[in-house]
Amino acid sequence: MTAAPVVDVHELRKVYRTGTSGPLGPRRNEFVAVAGATFQVAAGECLGIVGESGSGKSTTARMLAGLERPTAGTISVLGTDRSRPARRAAERHLRGGQLQMVFQDPYTSLDPRQTARDTIDETLRLHTRLSRAERADRVSEIAASVGLDQRQAHALPAGLSGGQRQRVAIARALAADPRVIVLDEAVSALDVSIQAQILNLLADIRDATGVAYLFITHDLAVVRHMADRVLVLKEGHIVEQGPTAKVLDHPEHPYTQRLRESVPARGTP
Amino acid sequence: MTLTQPSLTAVESAPSRANAAGRRLRNRLGATGLVALCWIALMIGCAALAPVIAPHDPNAQDLLHVYAAPGGDHLLGTDGTGRDILSRLIWGARTSLVGPALVVLLSLVVGLPLALAAAWRGGWLDAVVGRFLDIVFSLPAILVAVLAVAVFRPGPAPAILALAVAYLPYVARVARSAALRQRAMPYVAALTVQGHGGVAICARHLLPNITPVVGAQIPIAFANALMDLAALSFLGLAVQSPQADWGVLVNDAQAVLQGHSSQVVYAGVLIIATVVALMLIGDRLGGDIRRRRVRRAPQPTGRTP
Ligand SMILES: Nc1ncnc2c1ncn2[C@@H]1O[C@H](COP(=O)(O)OP(=O)(O)O)[C@@H](O)[C@H]1O
Ligand SMILES: [Mg+2]
């Protein structure tokens, strides 16, 4: 593909400074969570990011979403730089309309006091100029597109299962009509059968809308199912990236080989 | 014909939601809590309807019927200037409840935005606000009020303002720690990624989610403010003598010395019963929140291995 990438990340770096008080007064610890990552995501592509726990996957995702400020490096989405926090409301809206995120834990990623419909509607109010009636129609449309029925759409999160909640979270992301969705372990908290449903839903959405995914997981079976290309993170370094089949079937880096061997067969805990 | 499915659900859910809210409140309060709530409702009713239900003008003196015995025209008798004690108690509910209500309202109006701003911004703002609240919390409210009255003038307004400051931490400390907990939830991160601003997220999401925790604190702050205001009125530093107020009514040494202590007893009982009822409600609401948090805590979530 020669089209401009929707996500362009260059030498991205995140250093956490954790101040601990040692016996000789305060001591400053530096922890490099992401150590200079460079990668691109093409329009409509699904890029998988795999790696052990603590390898810096979530930190990368959070920097892309603007939840964490990069220590160094640049992030550009659809040609707009987002290495720095948004200054104005218009800038925040623009970024929200470009890139959305779905989180791991469906139990805490929805406001417990908001129904699915209200959650979707709130996003539409921010990102569209639709009238009330038009929004109501659009909410129904989006809810249906992620497979929520009438009851579920009117329910509070407490009345929904984990899989249904994750559908609401996906619907909320879709309501902003983004070009990229970052999914950070979005199916990891779900049962295997529910995982498959959500993965199929995500695949259908990508086919229908042409949205690109940054798909983060520690599960190689899942990434094989979803990703066009995959990127392997180890202690904040990208050790390998390339087409999914090539990286997973013929890994060049010993870490990827170990990762592949340590993964149990699909379906066993 | 035109009734479609969504409108049906809407029609269904409105009353059932109200019922559910009522049931939740009953569960949260328990039997004793409900009795306490009824008592508070009764007192509020008396305060609101004082002009209608009070049998006499609370300030009308009748020097021919001084210290009248209970019964007849004066159900609870009269005081040393022939004023109807029942009417004075009923009107007293007004001043005695409006004062603490203003204290709580003022401390909410200032405390909630302060707490939300501190929790949202974090950093130095949160440190400053947190320290400030700790300092104010360590000051005895009644002392602050006495100081204010000494510096300005005796009267309800300075006393209420001073108590509002003194009770600010009651509301704001709890609100801040609850808001900090909510702030760390992924749904807030999701809203940020959506592009919502801090003010909108605080007002539409953090505030409703901290309401139960803050709500449990309100009856307690109210009860303390009621006691403090009654004490100040007793000392003649807040509500002043001819005006009917429970704290003022307790302060009738003249009557007690002459062996007519019934008014003092009635007013004292009203203060104590109301304070106990409020404390009980606050305790039930707070205990319920703690229980639910414990129950919710050990939730299995498939974390990254
Ligand atoms: N706010 C933080 N402060 C300090 N260290 C952090 C913080 N967030 C993450 N880390 C550390 O950064 C490393 C990478 O974390 P993360 O990106 O969450 O990894 P992953 O998602 O791949 O499991 C971990 O070792 C983690 O302990
Ligand atoms: Mg992670």
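The values are calculated or read from the model by the stated rules, or taken from the named source; none is laboratory data. In this text the structure is predicted, and so the values were computed from the model without any measurement. Here Cβ is always computed from backbone atoms with ideal geometry, including for glycine, and neighbour counts include all displayed protein chains. Each accessible area value is taken on the protein alone, full model and side chains, heavy atoms only, with ligands, DNA and RNA left out. Shrake-Rupley method; radii C 1.70, N 1.55, O 1.52, S 1.80 Å.
Would you please state the base-10 log of I(q)/I(0) at q = 0.18 1/Å for the stretch B:71-144, with intensities from the Debye formula using one equal scatterer on every alpha carbon? Log10 of I(q)/I(0), two decimals: -0.82.
With the whole protein complex present, residue B:252 retains an accessible surface near 30 Å², based on a 1.4 Å probe. Across peptide A:106-117, the average count of Cβ atoms from other chains found within 10 Å of a residue's Cβ is 5. Entry note: the stretch B:14-168 has Rg to Rh equal to 1.12, where both radii use alpha-carbon atoms and Rh is the Kirkwood radius.
Solvent-accessible surface of chain B, taken per residue with a 1.4 Å probe and all protein chains present: 51 Å². Here, chain A has an Rg and a Dmax of 19.2, 65 Å when only alpha carbons are counted.
Taking all protein chains as they are arranged and a probe of 1.4 Å, the heavy atoms of residue B:211 leave approximately 70 Å² accessible to solvent. Considering only B:245, B:84, B:57, the Gaussian network model of chain B with Cα springs below 10 Å gives its largest mean-square fluctuation to B:57.
Share of carbon and sulfur in the accessible area of the stretch B:29-290 stands at 72%, probe radius 1.4 Å. If you sort B:293, B:23 by accessible surface, 1.4 Å probe, largest first, the order is B:23, B:293. Normalised size of the stretch B:29-290, defined as Cα radius of gyration per 2.2 N^0.38 Å with N residues, equals 1.19.
Where does helix B:207-234 land angle-wise versus the long Cα axis of chain B, in degrees 0 to 90, nearest 10? For helix B:207-234, the angle is close to 20 degrees. Counting, for every residue in A:217-223, the Cβ atoms of other protein chains within 10 Å of its Cβ and taking the mean gives 1. Residue ranges A:127-135, A:171-179 sort as A:171-179, A:127-135 when ordered by packing (mean number of other C-beta atoms within 10 Å per residue, highest first). Its alpha carbons give the protein assembly as shown an Rg and a Dmax of 31.2, 109 Å. Summed over both chains, the contact between A and B buries some 2500 Å² of accessible surface at a probe radius of 1.4 Å.
A viscosity of 1.002 mPa s and a temperature of 20 °C, combined with the Kirkwood radius over Cα pairs in Stokes-Einstein, give a translational diffusion coefficient for the stretch A:45-198 of 130 µm²/s.
Tell me the angle of helix B:262-296 to the major Cα principal axis of chain B, expressed in degrees between 0 and 90 and rounded to the nearest ten. With rounding to tens, the tilt is 10 degrees. Residue ranges B:231-238, A:9-16, B:123-130 sort as B:231-238, A:9-16, B:123-130 when ordered by packing (mean number of other C-beta atoms within 10 Å per residue, highest first). The long axis of helix A:132-145 is offset from the longest Cα principal axis of chain A by roughly 60 degrees. For the stretch A:7-261, averaging the sequence separation of C-alpha pairs within contact (under 8 Å, six or more residues apart) and dividing by the residue count gives a relative contact order of 27 percent. With the largest listed first and rounded to whole Å, the semi-axes of the equivalent ellipsoid of the stretch B:158-305 from the Cα gyration tensor are 45, 18, 9. For the peptide B:197-207, the mean number of other protein chain Cβ atoms found within 10 angstrom of a residue's Cβ is 2.
The largest-to-smallest principal axis extents of the Cα set in the stretch A:133-198 are 38, 29, 17 Å. Relative to its Kirkwood radius, the Cα radius of gyration of the stretch A:32-110 gives an Rg/Rh of 0.95.
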